[in-house]
1. What number goes with the only condition from (1) open to solvent by less than 30 Å² (accessible area, probe 1.4 Å); (2) in contact (Cβ under 8 Å) with a residue 60 or more places away in the chain; (3) among the hydroxyl-bearing types (Ser, Thr, Tyr) that Thr233 does not pass?
2. So which helices (runs of 4 or more DSSP H) stay within the stretch 370-482 end to end and still have 1 or more residues that are loosely packed, with under 15 Cβ neighbours inside 10 Å and among the hydroxyl-bearing types (Ser, Thr, Tyr)?
3. Among the candidates Val286, Val300, Val264, which residue alone is of a type outside the set (D, E, K, R), under 28 Å from Val471 (Cβ atoms), in contact with a strand residue (DSSP E or B) (Cβ under 6 Å, 6 or more places away or on another chain) and open to solvent by less than 50 Å² (accessible area, probe 1.4 Å)?
4. Every residue in the stretch 112-142 that is of a type in the set (A, V, I, L, M), open to solvent by 20 Å² or more (accessible area, probe 1.4 Å) and touching a strand residue (DSSP E or B) at 6+ places or on another chain (Cβ under 6 Å), please.
5. May I ask you to say which residue of Val415, Val424, Val437 is touching a residue at least 60 places away in the same chain (Cβ under 8 Å) and either closer than 22 Å to Arg245 by Cβ or within 24 Å of the chain's Cα centre (by Cα) (or both)?
6. Being among the charged types (D, E, K, R), within 19 Å of the chain's Cα centre (by Cα) and more than 13 Å from Ile135 (Cα to Cα) is the filter here; which residues of the stretch 67-109 pass it?
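The values are calculated or read from the model by the stated rules, or taken from the named source; none is laboratory data. Worth saying up front: this structure is predicted, and the values here are computed from it rather than measured. Positions of Cβ are generated from backbone atoms using ideal geometry, with glycine treated the same way; all protein chains shown enter the neighbour counts. What goes into the accessible areas is simple: the full protein's heavy atoms, side chains included, and nothing from ligands, DNA or RNA. Shrake-Rupley method; radii C 1.70, N 1.55, O 1.52, S 1.80 Å.
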Amino acid sequence: MATTPNTMSIKQGLSLWCPQSAVLNRISRVSVPSRSFRRSFVAASSFDNENREYVVVGGGNAAGYAARTFVEHGQANGKLCIVTKEPYAPYERPALTKAYLFPLDKKPARLPGFHTCVGAGGERQTPDWYKEQGIEMLYEDPVTGIDIEKQTLTTNSGKLLKYGTLIIATGCTASRFPEKIGGNLPGVHYIRDVADADSLISSLGKAKKLVVVGGGYIGMEVAAAAVAWKLDTTIIFPEEHLLSRLFTPSLAQKYEQLYQDSGVKFVKGAKIKHLESGPDSRVTAVKLEDGSSIETDTVVIGIGAKPAVSPFDMVGLNNTVGGIEVDGQFRTNIPGIFAIGDVAAFPLKIYNRIARVEHVDHARKSAQHCIKSLLTAHTHTHDYLPYFYSRVFEYEGSSRKVWWQFFGDNVGEAVEVGNFDPKVATFWIDSGKLKGVLLESGSPEEFQLLPKLARSQPSVDIAKLQNASSVEEALEIAQASL
């Protein structure tokens, strides 16, 4: 959660490019266009996108919420083009490791049910919605090159695209095992898009033994879904406990016990040597460095992600947290080029450091802030409060549904209150101030209190919190400190 402090210089503003509609208007007012103007018009007509004023590269959450913000400001119709490597309109990606993985008899999520922006209570933006709004969508054609001087993009299919303002929303790619240790064997899965999830579901329907590599969000959510499939499931990770970047050892132990009660096994502090395969080349076992092996027929690798900066490396990268460096309005150091979502390394104002946040909440809010700053006189620095959550075991017939939320920063001394029956809360106190708070199974009112506490960072009597007899009492103590 913590990142190395850094400084950020103020970036330059956007550049303007004259769209085709403006060119056509000028032609109608000029009786005899000059030869040079005729040449420039012919050149402009050779581009493969009709909407050129604003181009968004990427088709994930950030792109969907950016599109909505353009529409809200009346600047989408005939002006906005979205280029994506996927065959689908932008969707709420977190569903892929949650309800999308449920067995068919547990009512799994499917498109078009979770297109953006339903995750934040907005309209479901289906492919027809983009057509109705006059937004040009270029599917299954990732951008492979950029010419900053000419303000053009090239795509995998060879298209040449023109942009006036460019918004990079390429997100992340899954970290993969090297091929030489079995990272590409049949039966080995990674999850970043619908195709990945569909491939995994196909395997789960035939699987008997599942190994999940990684004890973070992906690992926890996939393993929880596997319980619904009644699979022999093992989670392997090198850390000493689950979600070590956020959970305290005590908190992790409670969640681990819940998984174990559901039949999930853990192999902690383990390092993987390689994946083994059978005569048909399909994965058959995970070989650990201590010489032991775990039999399996399906493996899911959930060991993190890398910002998808290519082919935009020259725009300006942050070498500390990764990603494309931007200012508080998501401007890069190239005029007219912005970056939002997982790929953006931005000033985390509340903690005075540079951060890159891989989370749907930041993807949504960074997109909205960026587009508002681009289209209006809005000049405020993005003031983001880190937020993470997870929801698992929410399928029909589950004996225990899990939903926790965290706001703030997990620094300082941790105070845990509650017995996980079902509630438990953890408060992080640093120099007498409340810096972060996590709550499991809270009420709507209790969840709404968390960001207020984390943003205000009130002084809290740590002894009172430690002596609280219940989560409710602890939250009342924290609330009183406001």
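1. It is condition (2) that Thr233 fails.
2. Details: elements: 444-456, 462-466, 471-480.
Helices (runs of 4 or more DSSP H) meeting the threshold: 444-456.
3. Numbers: Val286 fails: under 28 Å from Val471 (Cβ atoms); Val300 fails: under 28 Å from Val471 (Cβ atoms).
Within the list Val286, Val300, Val264, the selection yields Val264.
4. Initial filter on the stretch 112-142 (of a type in the set (A, V, I, L, M)): 118, 120, 135, 137-138.
Those left that are additionally open to solvent by 20 Å² or more (accessible area, probe 1.4 Å): 118, 120, 137-138.
Once the filter is applied, which keeps residues that are of a type in the set (A, V, I, L, M), open to solvent by 20 Å² or more (accessible area, probe 1.4 Å) and touching a strand residue (DSSP E or B) at 6+ places or on another chain (Cβ under 6 Å), the stretch 112-142 yields Met137, Leu138.
5. Values: Val415 fails: touching a residue at least 60 places away in the same chain (Cβ under 8 Å); Val437 fails: touching a residue at least 60 places away in the same chain (Cβ under 8 Å).
Of the residues listed, the single one that is touching a residue at least 60 places away in the same chain (Cβ under 8 Å) and either closer than 22 Å to Arg245 by Cβ or within 24 Å of the chain's Cα centre (by Cα) (or both) is Val424.
6. Lys85, Glu86, Glu92, Arg93, Lys98
Conditions tested, residue by residue: (1) in contact (Cβ under 8 Å) with a residue 12 or more places away in the chain; (2) surrounded by 19 or more Cβ atoms within 10 Å (Cβ to Cβ); (3) out of contact with any His (no Cβ under 9 Å at 6 or more places or on another chain).
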residue: Asp147; (1), (2), (3): no, no, yes
residue: Leu166; (1), (2), (3): yes, yes, yes
residue: Ala169; (1), (2), (3): yes, yes, yes
residue: Phe177; (1), (2), (3): yes, yes, no
residue: Ile191; (1), (2), (3): yes, yes, yes
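So that you can scan it fast, the table gives a plain yes or no per residue for (1) within 20 Å of Leu375 (Cβ to Cβ); (2) part of a helix (DSSP H, G or I); (3) not assigned by the TED database to the domain that holds Ser199:
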| residue | (1), (2), (3) |
| --- | --- |
| Gly74 | yes, no, yes |
| Asn77 | yes, no, yes |
| Cys81 | yes, no, yes |
| Lys85 | no, no, yes |
| Tyr88 | no, no, yes |
| Pro94 | no, yes, yes |
| Ala109 | no, no, yes |
| Gly113 | no, no, yes |
| Gly119 | no, yes, yes |
